[in-house]
Every structure is written in structure tokens, then in C-alpha cells.
Amino acid sequence: MEKIIISARRALLVISALAFWPDVSLANDLLSLEKAIELGLPNHPRLQAAKGNLDANRGDFWEAVSPENPVLSVENEQIPKGLGFSHYQQQNIGISQTLDFPLVTYFRGRSANLSTQATRISLDLAKAEVKGEITVAYVDLWISSKRVNLFDSLAVTAERLAYAARRRQAVGDATAIESDRLVVQSEQIARDQEQAHLEFRLAGITLGQLINREIDSETQLIDPIMPKMKTQQEAYSENSVAINQRASLFGKATKMQYHAAKLSWLPQIELRLFKQDITGERFWGGEIGLSVPLWFPFGGRANLLKAKGALAQVEAEQELTRREWNLSITEAQESYEIATRRLRSFEEISLPASRRAYNASVRSYEVGELGVSDLLSSFLQERTVEIDYLSALGEAWRWKTRIEILTAKSEASQGISRFK
């Protein structure tokens, strides 16, 4: 009897210690969500790719408005037989330049400019996506660290429950069914504990790669604060978000290409300036020529059909983007609202109730009204509710981050109205 009392007192001491189980990260190396974004954003491969794409599009603009290279010609005529090339009687030196019709150049340049505007928005979207990726990775690591602590305490408690059940079965105070059930429960929690530790290590590797910094046991994460939701009018305007504005700009750029193709029947302009040297006398002259669009029914028609097909394709993709955005934002918004209601339910009902039940079990145990197994079971239930709460918290963070990406706005989009 004395041994049982001592064992019970030890169990209460263990439970008290587990209730205040320390975090995995205990060192002085602090890392906040804002700091993680600051470290990871500049050198993220996705952002670097978006910057490279923007530079390439800027090059496309200059290529679209640039004329062909001029042609310099030197012609020596009337050279007597047997003499060198320099013994000419007449010399013509000229330079010629071929230009597309100005209206065609205008539409091509405007198309390239609109594409560059769209690519700038792509860069801002890449920033929003990278911030979201780092945010999710940070929150996953933060939650994983807390799950590890909870599963460690659960594993110790479940093991003690299984041990107590076997002891009680040995003296005839418990059935084999009860003992086996607790042994299986202990084994399952031990496997969940291993999985929690694996997820914690993987989350640390993921965040470490994103911010180019090693995450170890010396890293202490500061609790992130979830930003407040925007109003529906401010956040969910279909025409104000960067995703739809980018699609709109690409559509306008393709339409400019279509206009340029329709004008491909217009002639090219050839300008030529020349100098003639005839037996020591010099003359200056110039020429203006226009190309004849003789083969427009063939080459021009081909360009027009390709441009028309590209325009139809991009308009369809623009509509698909709009529909997908509407569906995605509806899903994200309603899922986030469900997640926040679930969080409130945990915070207002489940967590307080489980803690009250555990505290009541401790008081009952102290006055001898409750056994060790019942006390451990109450503690096990309280820890399980906290694990479920962490899962709900992670889900809310993921949907909130998804909303931030879908409703991201771009500074580059301020110039869209100029191209309508």
C-alpha cells in the first residue's frame, strides 16, 4: 500500500512537470516572422526568376521599336581596264534605312510596353507568393515545435497509464481488455511522437532553405501575430487585385499585336542619302521608297490569322483566370471563416473545459477521490485538445496567407488606366 501511495505521488509530480513542459527552442537565437521574411525574400529563386523575366521583357520593348540596321554602300564605276579600284571615273557613296510604317511600330511598342507592365505585376505577385511561402514555413515550424512538446508529454503519460494498467491487472484490479487498450494507445502515441519529431525536423529544414540560415535547437521562434482581415470591399474587388490586372494587361498587349498585324499591308519606308563624285565634281541626293505589299494576301493573311488566334486564346485565358480567382477567393475566405470559428470554439469552450476537467481531476486525486489512471487519462485528454487546437491554428494561418496572395495588389498596376 505504501508503494502505491509513493507511486501515485510520483505520478502527480510527473504530470505537474509535463503540464509546464518547456519549448523545444530555449536558446538566445531569436527569430521572428518579419525577420524570416526579410532574410528569405531578396534571394529567393522565384523572385530572381521574376526579375530576370522583367529584364527580358524590357529588352523586348526596345527590340519592338528598333528599326533595322542601316546599309552603307560604296560603288566605284567606269574604271579603265588594267587600273586599280581607286581609278574610278564615278563614285557613289550612300546610306539607306528601312523603317516600318510608324503606326505599325507604335502598336508593337505599345504591346511590348503593356507586356512589361504585366511582368512588373508578376514580380509583385512573386514577392507576395514568397512572403506567403515563408510565412507558412515559419508557422509550420512554430506549431511543430509545440506539437513536439505536447506529444513528448503525451508519450510519457500514455506509457505510465499502460504501466499502471499492467500493474493493476497483475493484482486483479483491472481487466486484460483495459490493459491491452492502454498499451495499444501508448504505442500509437509513441508513433505519433516520432512523426511529430520528423515533421519538426523537416519544417526546420524547409524554413532554413527559404531564409538561407540553419535552423537548429538554438533557434527560438517568436510567436507570430496573425494580421487582421481586410474588409470585403477593400480586399476582394475583382478588378483591383494583381492576378486579374496582370491577365488584363496581357490581353491588351495581345490586342495591340492584333492591330499591328491588321496594318501589315502598310508599306515599309526606305530612306536613302547618297553622294556622287563624277570626274571630280560632287553631287548630293536622296531617295524615298515605299515597299509594295504585293504578297499581303499570303504573308499578311498568315500574320493576321496567328494574331487573331493568339487574341482569342489570351481572352479565354483571361476569363479562366477571373473564374478561378473568384472560386479560389470564395474557398479561401469561407475556409478561413470556418477555421476562425473553430479556433474560437477551442479558445472559448474546448480548451477551458479540458483544463477545468484536468484541474478538477487533480483536486479529486489530492483528496483521494480519483485514482492515478483517471488522473493520467484526464491529462491525456487535455493534451489531445491542445494538439487539435494547434492543427486548427495552422489551418487558419494557411487560409489567411492564401487570401493575402489572392488579394495582393501591385504598384505597377497604377499605370493600367493609361493603356485602356
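Whenever a residue of the range 193-219 is acidic (D, E), its partners that are outside any helix (DSSP H, G or I) and modelled with pLDDT under 90, lying with C-beta atoms within less than 9 angstrom and at least six residues away or across chains, give the pairs D216/S25; D216/A27; D216/D29; E218/S25; E218/L26; E218/A27; E218/N28; E218/D29.
Report whether or not V136 is surrounded by fewer than 21 Cβ atoms within 10 Å (Cβ to Cβ), assigned to a helix (DSSP H, G or I) and under 35 Å from the mean Cα position of the chain (by Cα). When the stated conditions are applied, V136 passes them. Of note, S328 does not satisfy the criterion of being surrounded by 19 or more Cβ atoms within 10 Å (Cβ to Cβ) and either at pLDDT below 90 or assigned to a helix (DSSP H, G or I) (or both).
Whether a residue is modelled with pLDDT of 90 or more and in a helix (DSSP H, G or I) was assessed, and A392 passes this test. Total residues in the range 360-410 satisfying the condition of being over 46 Å from the mean Cα position of the chain (by Cα) and of a type in the set (S, T, Y): the figure is 4. Kindly indicate the residue of the range 238-296 that is in a strand (DSSP E or B) and aromatic (F, W, Y) and also farthest from G109 (Cα to Cα) among those meeting that condition. Per the stated criteria, the residue is F283.
So for the range 352-375 (the condition being at pLDDT 75 or above, polar (S, T, N, Q) and not in a helix (DSSP H, G or I)), does at least one residue qualify? No, every residue in the range 352-375 fails to be at pLDDT 75 or above, polar (S, T, N, Q) and not in a helix (DSSP H, G or I). Per the conditions (1) under 30 Å from R166 (Cβ atoms); (2) modelled with pLDDT of 70 or more, the sole criterion not satisfied by H44 is (1).
The values are calculated or read from the model by the stated rules, or taken from the named source; none is laboratory data. As the structure is a computational prediction, the values presented were derived from the model and not from experiment. Cβ: placed from backbone, ideal geometry, glycine included. Neighbour counts: every protein chain shown.
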